[in-house]
Structure formats: structure tokens, C-alpha cells
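Below you'll find the structure, written out as C-alpha cells, and then a few comments.
The values are calculated or read from the model by the stated rules, or taken from the named source; none is laboratory data. This structure is a prediction, so every number in the text was calculated from the model and none was measured. Please note: Cβ atoms are built from the backbone with ideal geometry, for glycine as well, and neighbour counts cover all protein chains shown. These area figures cover heavy atoms from the full protein model, side chains too; ligands, DNA and RNA do not enter into them. Shrake-Rupley method; radii C 1.70, N 1.55, O 1.52, S 1.80 Å.
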Amino acid sequence: MTYCVGLLVEEGLVMVADTRTNAGLDDISTYRKLHHFNVPGERVMMLASAGNLSVTQSVLSMLAEGVAGDDGEPTLKLTETTTMFQAAQLIGKAIRRVRAIEKAGFEAANLRFSISLLFGGQIGNEPMRLFLIYSAGNFIECSTDAPFLQIGEHKYGKPILDRAVKFETDLYDALKVSLVSMDSTMRSNLGVGLPIDIAVARRNALDLEVSHRIEAGESYFHDLRERWSAALRAAHRAIPRPPYGPAGH
């Protein structure tokens, strides 16, 4: 399984992804799911992936080497796009191209073509944007009313984000909440696990401010997990008992 989350707040963009890939109970590996396509001073772009690993790697390779155009249009790389919307369209086209190439093989093996991507960043002076791109190549965009998007095993972490994140949330508070969301997912699903890749880009900086991998045993993440557990226990104890059941009990 996988869990990736992107938060687009007023100050910038945070993206967090686990690295666990599970092909069976005895076949668990670590693969990077958060990728960067950056040209400092010109553009900062992040791409987080969930789904079939072979499909994801084929799409990423095509975006790096160039996606062939239609009707004689030139091949275009992700780092050559001029707007974030055009870049999201190119990613969708790459997904459809890979699907067309691999369709027969997937059907013959009775395999599901599965991929979803979080794509965020900024090119030049245009606004910073965040998209969720589906396996059909279509996509939706993050809004100020709901300033986060998730892919993978998202149900365990979503309630935390719903309650704690607004567009006005401080950039590093957004990172903290996203890590709490990741911890909640890891505790409920063994298919999501460390290491965790994180990236932070401040609006209009056109470069990554943070690119870091949290390894097992890292002190900050361990402390965050313990403090969150303690805070939940304290909140539970502080809430009055339900006024139901026999009187006096």
C-alpha cells in the first residue's frame, strides 16, 4: 500500500510520501514515491505516486525523456512545460500512452492498470498549484476551501487533515499535521511505513526549501508520534463520560 499527501497553504506547498512497496506478505521493499522535477529559479515541481510500480516508473521515465506529441507536435519533457496546467495535461498524456503500450499485457495477465499521482509546484510567476491525476489521465485541482489532496491509503489520515488544516495554516504547521496524518495511517495499516520522504517549497521561491528522508528511529518523528498518542489519551480522559446506562453508574 501507499500513503501520500499534499498540502497547499498560503505560504507554500508540503508533500509527504511513505516508501513501502508490498508485493506480498514476504516481499516488502522500499522505493521512492516522491520525485522532484526542479530547475532552481525557474520552476519547482513535485510528483508523488501510488499504484502499480511498473506503471509509475514507465510514466516517470517518459516524463523525463519526453512525451511524443500528437499530429507532428514535438516531444515535450515535463521540465519544458510553460504552465502547471500544461504540465498536468502532459502527465495525463503520459499515463494514457503507457496504458496504450501495456494494455494487452496487463489484460493477458489479468492485472489492473493502477496509478494515481499528486503533482504540485510552481513555474515562473504563475500561481503555485496542486493536482490529483487519475489513472485515466484526467485530474482535479486543490482549492483554498480544501487545501489538501491524498492518494493511496488515505482514510486513516483524512480526519486529522479535515480538522487541523486551513489555507491560512503556517507552512511548517502544515508539515507537522501531515506527519501526524502519516503516523495515524502507519498505525492502522502495516502496508504503509518508514522511511518517509518530505518536501517543502515556499511560494515564489522556485526551489525546494526542504527535501528530507525520515528514517526509522529519527528523534523528531519518534517524539511526534509519542506526543500525539499522549495528546489523544489526555483528550479522551478530559471528555465527560456519556450520560447513558443505569443511573449512578
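Build a GNM of the chain with springs between Cα atoms under 10 Å apart, and of Asp223, Asp162, Asp71 the one that fluctuates most is Asp71.
Residues considered: Glu215, Glu65, Glu107. Largest GNM mean-square fluctuation over the chain, using C-alpha springs under 10 Å, is found at Glu107.
What translational D, rounded to a whole number of µm²/s, comes out for the range 1-120 from Stokes-Einstein when the hydrodynamic radius is the Kirkwood one over Cα pairs, at 25 °C and 0.890 mPa s?
Diffusion coefficient, whole number: 157 µm²/s.
Between amide H atoms placed 1.01 Å from N, distances below 5 Å from His35 occur with Leu47, Ala48, all of them 5 or more places distant or on a separate chain.
Rounded to a whole number, what % of the accessible area of the chain do carbon and sulfur atoms account for, probe 1.4 Å?
Details: 6710 of 12860 Å².
Ligands and nucleic acids excluded, carbon and sulfur give 52 percent.
Computed from the alpha carbon atoms alone, the convex hull of the range 146-244 holds 141 Å³ per residue. Entry comment: accessible area of the range 167-214 is 39 Å² per residue, from protein heavy atoms only and a probe of 1.4 Å.
Each residue of the range 33-45 was assigned a 3J(HN,Hα) from its phi angle through the Karplus curve 6.51 cos²θ - 1.76 cosθ + 1.60 (θ = phi - 60°); the sequence is 10, 10, 10, 10, 10, 10, 10, x, x, 10, 7, 9, 9 Hz, with glycine and proline shown as x. Among the listed options (1) 1.10; (2) 1.03; (3) 0.97, the one matching Rg/Rh (Cα atoms, Kirkwood Rh) as calculated from these coordinates is (2).
Helices of the chain meeting both criteria, an alpha-carbon length of 27 angstrom or more along the long axis and an average Kyte-Doolittle score not below -1.0, with helices taken as full DSSP H segments, are 84-108, 219-238.
Cross-link pairs exceeding 31 Å between alpha carbons, from the set Lys33/Lys103; Lys33/Lys77; Lys33/Lys158; Lys33/Lys176; Lys93/Lys176; Lys33/Lys166: Lys93/Lys176. Taking label points 7 Å from Cα along the Cα-to-Cβ direction, Lys166 and Ala68 give a separation of 5.1 nm.
Could you give the dipole magnitude of the range 1-235 about its Cα centre, charging the beta-carbon of Lys and Arg +1 and that of Asp and Glu -1, in debye to the nearest 20? Before the final figure, lay out each step's value.
Numbers: 24 positive and 29 negative charges, 104 e Å.
So the magnitude is around 500 debye.
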